[in-house]
Amino acid sequence: MDKTQEVFPAFRLVAQFADGTRHIFDGFTEDQARQRMEAAQLRHGDITWYDGVTDEHYENGVYHKMVPPPPEITMIDLTDHKTEEE
């Protein structure tokens, strides 16, 4: 039995600060993650760059299981279809 569990918050942002450090900020909402990121400026200086995390679990800061699945597309094969000219 695997006793390690991974937790993936709904939103994850990454920011680089004036002191050269880079940190990740999680939240149940994007606004909560942004507020945590902005609060870190007191310790690390101004934010010089930030973005939503994209990795195997997140796409542009949003946990991938929260993104709705793409629509189902039905493909119709017309390769054997005869036109009026034939």
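Among 59, 38, what's the order by accessible area (1.4 angstrom probe), most exposed first?
Details: 59 120, 38 80 Å².
Most to least solvent-accessible, the answer reads 59, 38.
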Sort the chain into rounded, prolate or oblate with this rule: let a ≥ b ≥ c be the square roots of the eigenvalues of the Cα gyration tensor; rounded if a/c is under 1.5, and if a/c is not under 1.5, prolate when a/b is larger than b/c, oblate otherwise. prolate
Theoretical gain in end-to-end length, residue 66 to residue 24 [0.36 nm per residue, Cα-Cα removed]: 13.2 nm
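For the range 7-86, what is the accessible area per residue in Å² when the probe is 1.4 Å? Numbers along the way, then the final one.
Numbers: 6520 Å² over 80 residues.
Here the residues of the range 7-86 average 81 Å² of exposed surface.
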Angle between the Cα long axis of helix 30-39 and the longest principal axis of the chain, 0 to 90 degrees, nearest 10? 30 degrees
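How would 50, 63, 58 line up by accessible area, probe 1.4 Å, largest first?
Values: 50 125, 63 40, 58 5 Å².
Largest to smallest exposure gives the sequence 50, 63, 58.
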Taking the full set of protein chains and a 1.4 angstrom probe, give the accessible area of residue 29 in square angstrom, rounded to the nearest 10. 70 Å²
Rounded to the nearest 10 Å², the 1.4 Å probe accessible area of residue 13 is 10 Å²
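The values are calculated or read from the model by the stated rules, or taken from the named source; none is laboratory data. Predicted model, so just to flag it, every value in this text is computed and none were measured. SASA here: full protein model, heavy atoms, side chains in, ligands and nucleic acids out. Shrake-Rupley method; radii C 1.70, N 1.55, O 1.52, S 1.80 Å.
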